[in-house]
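Have a look at the structure below before the remarks.
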There are 4 protein chains.
Amino acid sequence: MRFQGKKLTVQVFGQSHAAAIGAVIDGLPAGMNIDREALQAFLNRRAPGQGAYATARKEADMPEFLSGLVEDVTCGAPVCAVIRNGDARSSDYEQFRQVPRPSHADWPATVRYGAHYDIRGGGPFSGRLTAPLCVAGGIALQMLKARGVRIGAHIASVGHAADEAFDPAGVSAAEFDRIAGNGFPTLRREAGEAILAEIEAARQDGDSVGGTVECAAIGLPAGLGGPLFEGLESALASALFAIPAVRGVEVGTGFAAAAMRGSAHNDPWVFREGRVKTETNHAGGIVGGMTTGMPLILRAAFKPTPSIRRQQRSVNLATGDETDMIIHGRHDPCVVPRAVPVVEAVTALVLLDELMSGEQP
Amino acid sequence: MRFQGKKLTVQVFGQSHAAAIGAVIDGLPAGMNIDREALQAFLNRRAPGQGAYATARKEADMPEFLSGLVEDVTCGAPVCAVIRNGDARSSDYEQFRQVPRPSHADWPATVRYGAHYDIRGGGPFSGRLTAPLCVAGGIALQMLKARGVRIGAHIASVGHAADEAFDPAGVSAAEFDRIAGNGFPTLRREAGEAILAEIEAARQDGDSVGGTVECAAIGLPAGLGGPLFEGLESALASALFAIPAVRGVEVGTGFAAAAMRGSAHNDPWVFREGRVKTETNHAGGIVGGMTTGMPLILRAAFKPTPSIRRQQRSVNLATGDETDMIIHGRHDPCVVPRAVPVVEAVTALVLLDELMSGEQP
Amino acid sequence: MRFQGKKLTVQVFGQSHAAAIGAVIDGLPAGMNIDREALQAFLNRRAPGQGAYATARKEADMPEFLSGLVEDVTCGAPVCAVIRNGDARSSDYEQFRQVPRPSHADWPATVRYGAHYDIRGGGPFSGRLTAPLCVAGGIALQMLKARGVRIGAHIASVGHAADEAFDPAGVSAAEFDRIAGNGFPTLRREAGEAILAEIEAARQDGDSVGGTVECAAIGLPAGLGGPLFEGLESALASALFAIPAVRGVEVGTGFAAAAMRGSAHNDPWVFREGRVKTETNHAGGIVGGMTTGMPLILRAAFKPTPSIRRQQRSVNLATGDETDMIIHGRHDPCVVPRAVPVVEAVTALVLLDELMSGEQP
Amino acid sequence: MRFQGKKLTVQVFGQSHAAAIGAVIDGLPAGMNIDREALQAFLNRRAPGQGAYATARKEADMPEFLSGLVEDVTCGAPVCAVIRNGDARSSDYEQFRQVPRPSHADWPATVRYGAHYDIRGGGPFSGRLTAPLCVAGGIALQMLKARGVRIGAHIASVGHAADEAFDPAGVSAAEFDRIAGNGFPTLRREAGEAILAEIEAARQDGDSVGGTVECAAIGLPAGLGGPLFEGLESALASALFAIPAVRGVEVGTGFAAAAMRGSAHNDPWVFREGRVKTETNHAGGIVGGMTTGMPLILRAAFKPTPSIRRQQRSVNLATGDETDMIIHGRHDPCVVPRAVPVVEAVTALVLLDELMSGEQP
């Protein structure tokens, strides 16, 4: 459960119903002031409770920092951030050892870890583990900002409702600020309403729905990354697929590139304000595994959360019978809105790591 | 330029016009016989020359094994495989230092490595570097087969021509053998013809075209992988994005999942022949980052190769002018047919590594 | 600050005067019961306060486990252990930024981390950071014991007082239990008294004194390790040198081997109770980087702790003058007695990791 | 069989009687000219044949560079260096599968790798594998020299004959040049003669003898390394123990520190030519795991080579009998003279890696 960059490591720990979850961030430079307020604001974007457009949200848990900071300034030692878990009804989960929930980790985790797997709340497979990722990523975002790199993401689609896309050749920091400041992370307000309607419809059906998140990074220098396994896409995709429920990752035109001709896809090199740029940016800012200096554009696809309030089929591992089951409790009908800052967070971890180790090899 | 698994490492080396390219494969178990004929047949699937359906192909370069094998049996020491490069007209490439080709690595590589970057033939960014990957992956495929795991891939689409998809719940080794035995790697013969027509049309236009490869693996045990960054998708995507020209990776339903409801996407657990299976396999064999034992299904999107015979715009870095350029020489109008065994190869590396280290953590 | 094994990772965090110190242990198998009482007893061996032979010791801090354990049984998720730091007079340390203590980390750490280095109590360079190592190592020792592997260490020497050495061909678990049960970790009681006298003499002189720790492991299978950088000595030495104040590590006859002839040093292979053994064990259980199945024997040398109550010379970085300084406060005149369990702990981490990943490569 | 630094990787391959041995060096900066003549001179120092003081030596094998260099300048791609093995009488070694040589890897390697272990010439455990280490290290030495860092080593002792030690506070590059230019790598000529006499005496007795190598590095900046497992000693010791026959590693005063008082061992900080230095250098240039900028001093102990021409006892694994054996063929009675450049080589790899990644974390 560790993001292993070249210089930066984020060791995540915790289970959904353990005493705590958290992360140890090793490899941060010393002397960087953490803006707690900005970090809290970032974590709040992941907090539950977006029932309607622009409603007040719950405050996210603020982590306790056990080490690595002296009066909010990094000292070079690893930063340990801890988020205590509240009380939870853990006993409800024991039944899933015997009758695993469809498309949940219950069964493969039991195969992997055996009878002592902590199934309560989904154990280490819970989406709750993205909270410490956001702590680490939120700090990385601040460090990137200090280096002139900004990252922003929005909901690109949920079900059949879609937002417009970033302009790959012209996305701006102002756009990121506008989205983050929105009650709901879309570029167009009407798209946000359609998306909320899509989520609400799923909720009313006792169902869930998937979606996609688009993320951009600007201010990156050219030449980060490298050939084959050193390619920046590999590092990004590895981190993005670590987010629970991600089923696909694409860069630039992504899967759409498969239907294109080279003459349409190639991005001509041009000079803009004396610097080498590309006129278009189908590459999404990465050519040959390396940054071009143009905006980095990527998208991640999220499956519909498997927790639905409908009768489903499963097996009873104790009796050997097939059986019906219903999952109770409240669950997000769509993880995508809360996933937006998580996508930003892991993208930030990768990019900060690359920047810190990006000098000539 | 190194595949870094948990137990298995493949250190690739070489540039397109260096004396040689190759790979050192470290971590293979001792005592495994390499079937050279089968390996050659696998490498031949990546060889150039598929001008028409089922035409005779060129023989691929056979690697020389410098170490790690004693009479074709692994001895536990690292296996070094070397493929000599033939003569090539390297001088043609010097101009691209000054006028970089659109959507090629020329410019970002120059930023990264400076004036001494080996631009000849694309240096380490050349698709030729996938040959040593196929040597390593071809060996991994044999080791997987001995463990009951089979991998197969086919062209899912090129441009607007598409093959049918694998049946995610029922793909079989016989199907893999049939595709590999085909002159052209599609499931349906007519799809192959349409795809070849799409490629031929691009060629005649002096253009190129992108496509997608679908890959499946069967025979995997449940429980490989783990939470967050230990997820199997992360390892797979990281390796697949290392293949030049890959712009997207998806598992199971992938991006299509984003438009689905949970009630449609969830895969019910069932018993089949006394074993736990899923009735459907939208998950593509991975839930919670772990294998379910169902067929693993993934797809990779390839962009159209940037080498086209058309006039393009670029910049002259020496003069500071924008300029027109034409790239001469013969180039594949579509890398996708030759990419099929490459996708199998890197998938095999990841899965063999996971299997070898997949015992309870 | 991370022990990076092949399967096992221990991410240490904390500074001497931070809110807490601790460790996240990732890669432990699920289903293993942690004996808290035995762990506490192990940690107590590192606790301060051995003023005299067999006196009552202080209780060591017991860690709080935030994750990875469910009712003291590992669940497969990372184990996070936290030890809170008590109040400390941190302001005393600020002066050392300006006038660094001789042979302390003050100055090189300031070069490395800059003005924001947490100098209080030695920051992350404090010997206090060996406490979380002992938590991780104490758990590893329990897991090794369940696999039939036992580890024990004793003070081999302090200053000019020496204990006798382990019998390299015949050390036993009973001996380990006897040492650990002693009030003072020596093989011979009289040696313990001489060593305590040596320490007491240093203390009375306001001085400190160095020493050596000898460690043995029994019950290891043959064949762990490998050639060159895979050698077991590399992993052991890397971990042992991570202990503050270690200046040398040797295996088997170690430096004494440099003065020996091969005819005296070679260990003949023999059969004992039907198994291959060596008659002598100058190798200390490792030949060719691999275990032989004989007891593993190693020694680590510790320098005298640099904190002494005598006037010393240093520089004033602010004024550019050379100056005299005196370090106040209580300090161990010899770290060696408390280092004994630390040596066992890091040895256990290495050996458990090797065992867990020691199957044929 | 891989040196795994933070930026630099050296993947060694080959067995003593394979087609070749070699190394792939990944992570070198582009644009560095390799001085082939200097490299050859360095490799010659490891070549066999030092029968007498200052005799002409054999030329070492010169590696063929397959990749990574364009006209002897690094291009940023991995450098693959191959050294072909000549013909060797491999059949002589088969007997050692059945009757393993004492203190050789024969038996533990058979346990580890099984019947397919390549026992010919010692397989991957042969001292011959230090040749590719010297190629990589020889290149690293050139890169360090360009950065102002110099490394030199000498024979500190063989058997009971000893050279004088480096002056830890005053070793100079001129001294390194003098040693490397010597026919025999000692500081004092008379010590060289005594050491050669010691080796010759062992040879005449059909025996072998051990020894120690002392190595120094100058020109290092302060602040390389870090706390606990980031300590520079850990990286150095791990690499040094990878050299076959090394049984001990110490830094600065090393094991002698164990008998010292702190008041004698502490190194006062002083100003010299406006820079912070230590007056003495018992630390050997490393305090708190970090460089102080003073000369780095380390020693490695080598056991007597196990190949002796005397009757020895072993076991016959096929019959279950204990037996006598004699090892025929020519073997170095002492590996220490040829180990001197190997110690320099691995030290160079570690220090270059630290320098390249040594910027603030």
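Report every pair of residues separated by at least 6 positions or lying on different chains whose Cβ atoms are under 6 Å apart, first residue within the stretch D:69-87 and among the basic types (Lys, Arg), second part of a strand (DSSP E or B).
D:ARG84/D:ALA20
Restricting attention to the stretch C:263-301, and to residues there that are surrounded by fewer than 23 Cβ atoms within 10 Å (Cβ to Cβ), in a loop (DSSP other than H, G, I, E, B) and of a type in the set (D, E, K, R), which single residue is farthest from the chain's Cα centre (by Cα)?
Per the stated criteria, the residue is C:GLU273.
Identify, by number, the condition in (1) surrounded by fewer than 23 Cβ atoms within 10 Å (Cβ to Cβ); (2) within 27 Å of B:ARG84 (Cα to Cα); (3) more than 14 Å from every other protein chain (Cβ to nearest Cβ) that B:LEU141 doesn't meet.
(1)
Scanning for something of a type in the set (A, V, I, L, M), surrounded by fewer than 22 Cβ atoms within 10 Å (Cβ to Cβ) and out of contact with any Leu (no Cβ under 6 Å at 6 or more places or on another chain), does the stretch B:225-244 turn up at least one residue?
Taking every residue of the stretch B:225-244 in turn, none turns out to be of a type in the set (A, V, I, L, M), surrounded by fewer than 22 Cβ atoms within 10 Å (Cβ to Cβ) and out of contact with any Leu (no Cβ under 6 Å at 6 or more places or on another chain).
As an exercise: evaluate C:THR253 against (1) without any contact (Cβ under 8 Å) to a residue 40 or more places away in the chain; (2) surrounded by fewer than 24 Cβ atoms within 10 Å (Cβ to Cβ) and give the number of the one condition it does not meet.
Answer for C:THR253: the failing condition is (2).
For the condition in contact with a Leu (Cβ under 9 Å, 6 or more places away or on another chain) and at positive phi, what is the one hit in B:GLY159, B:GLY219, B:GLY206, B:GLY138?
The match here is B:GLY219.
Any residue at all in the stretch B:219-230 that is more than 8 Å from every other protein chain (Cβ to nearest Cβ), among the hydrophobic types (A, V, I, L, M, F, W, C) and closer than 30 Å to B:PRO306 by Cβ?
Checked the stretch B:219-230: no residue is more than 8 Å from every other protein chain (Cβ to nearest Cβ), among the hydrophobic types (A, V, I, L, M, F, W, C) and closer than 30 Å to B:PRO306 by Cβ.
Residues that are touching a residue at least 60 places away in the same chain (Cβ under 8 Å), surrounded by fewer than 20 Cβ atoms within 10 Å (Cβ to Cβ) and within 10 Å of chain A (Cβ to nearest Cβ): does the stretch C:8-19 have at least one?
For the stretch C:8-19, residues touching a residue at least 60 places away in the same chain (Cβ under 8 Å), surrounded by fewer than 20 Cβ atoms within 10 Å (Cβ to Cβ) and within 10 Å of chain A (Cβ to nearest Cβ): present.
Yes/no matrix, rows are residues, columns are (1) more than 14 Å from chain B (Cβ to nearest Cβ); (2) small (Gly, Ala, Ser); (3) within 18 Å of B:ALA257 (Cβ to Cβ):
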residue	(1), (2), (3)
A:PRO124	no, no, no
A:ARG147	yes, no, no
A:SER157	no, yes, yes
A:PRO168	no, no, no
A:THR186	yes, no, no
A:ARG189	yes, no, no
A:THR212	no, no, yes
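Go through the stretch A:273-287 and count every residue that is out of contact with any Gly (no Cβ under 8 Å at 6 or more places or on another chain) and either under 18 Å from B:ALA301 (Cα atoms) or more than 10 Å from every other protein chain (Cβ to nearest Cβ) (or both).
2
Residue by residue through the stretch C:169-189, note down the ones that are under 20 Å from the mean Cα position of the chain (by Cα) and part of a helix (DSSP H, G or I).
Selection gives C:ALA173, C:GLU175, C:PHE176, C:ASP177, C:ARG178, C:ILE179, C:ALA180, C:GLY181.
Hey, can you tell me all the residues within the stretch D:63-84 that are within 9 Å of another protein chain (Cβ to nearest Cβ) and assigned to a loop (DSSP other than H, G, I, E, B)?
D:GLY68, D:CYS75, D:GLY76, D:ALA77, D:PRO78 - these are the residues of the stretch D:63-84 that are within 9 Å of another protein chain (Cβ to nearest Cβ) and assigned to a loop (DSSP other than H, G, I, E, B).
For A:PRO108, which of the numbered conditions (1) surrounded by fewer than 24 Cβ atoms within 10 Å (Cβ to Cβ); (2) more than 22 Å from the chain's Cα centre (by Cα); (3) part of a helix (DSSP H, G or I) fails to hold?
(1)
When the residues of the stretch B:94-111 are filtered to those that are touching a residue at least 40 places away in the same chain (Cβ under 8 Å) and more than 11 Å from every other protein chain (Cβ to nearest Cβ), which remaining residue is farthest from D:ALA77 (Cα to Cα)?
Among them, the one singled out is B:GLN98.
Being assigned to a helix (DSSP H, G or I), in contact (Cβ under 8 Å) with a residue 40 or more places away in the chain and either surrounded by fewer than 19 Cβ atoms within 10 Å (Cβ to Cβ) or of a type in the set (Val, Ile, Thr) (or both): is that true of D:ALA197 here?
no
Can you confirm whether A:SER157 is touching a residue at least 40 places away in the same chain (Cβ under 8 Å), of a type in the set (Ser, Thr, Tyr) and assigned to a helix (DSSP H, G or I)?
no
Considering each residue of the stretch A:150-178, count those that are hydrophobic (A, V, I, L, M, F, W, C) and in contact with a helix residue (DSSP H, G or I) (Cβ under 8 Å, 6 or more places away or on another chain), and give that number.
Here the count works out to 7.
Taking the stretch B:169-187 only, how many residues are more than 26 Å from B:ASP267 (Cβ to Cβ) and modelled with pLDDT under 95?
Selection size over the stretch B:169-187: 7.
More than 24 Å from B:PRO29 (Cβ to Cβ) and either more than 8 Å from every other protein chain (Cβ to nearest Cβ) or among the acidic types (Asp, Glu) (or both): does that describe B:ARG313?
no
For residues that are in a helix (DSSP H, G or I) and crowded, with 23+ Cβ neighbours inside 10 Å, tally how many sit in the stretch C:314-352.
The qualifying residues number 16.
Looking at the stretch A:20-48, which of the residues that are assigned to a loop (DSSP other than H, G, I, E, B) and among the basic types (Lys, Arg) is nearest to the other protein chains (Cβ to nearest Cβ)?
Top of the filtered list is A:ARG46.
What are the residues in the stretch B:231-247 that are under 23 Å from B:HIS265 (Cβ atoms) and out of contact with any Ser or Thr (no Cβ under 8 Å at 6 or more places or on another chain), if any?
B:GLY231, B:GLU233
I'd like the residue in the stretch C:85-102 that is outside any loop (DSSP other than H, G, I, E, B) and of a type in the set (Gly, Ala, Ser) and, out of all such residues, is surrounded by the fewest Cβ atoms within 10 Å (Cβ to Cβ).
Among those that are outside any loop (DSSP other than H, G, I, E, B) and of a type in the set (Gly, Ala, Ser), it is C:SER91.
Mind listing whichever residues of the stretch D:274-324 are in contact with a strand residue (DSSP E or B) (Cβ under 8 Å, 6 or more places away or on another chain) and among the hydroxyl-bearing types (Ser, Thr, Tyr)?
Correct list: D:THR278, D:THR291, D:THR292, D:SER314, D:THR323.
The values are calculated or read from the model by the stated rules, or taken from the named source; none is laboratory data. Given the structure is predicted, the values throughout are model-derived calculations rather than measurements. So basically every Cβ, Gly included, is an ideal-geometry build from the backbone, and we count neighbours across all protein chains shown.
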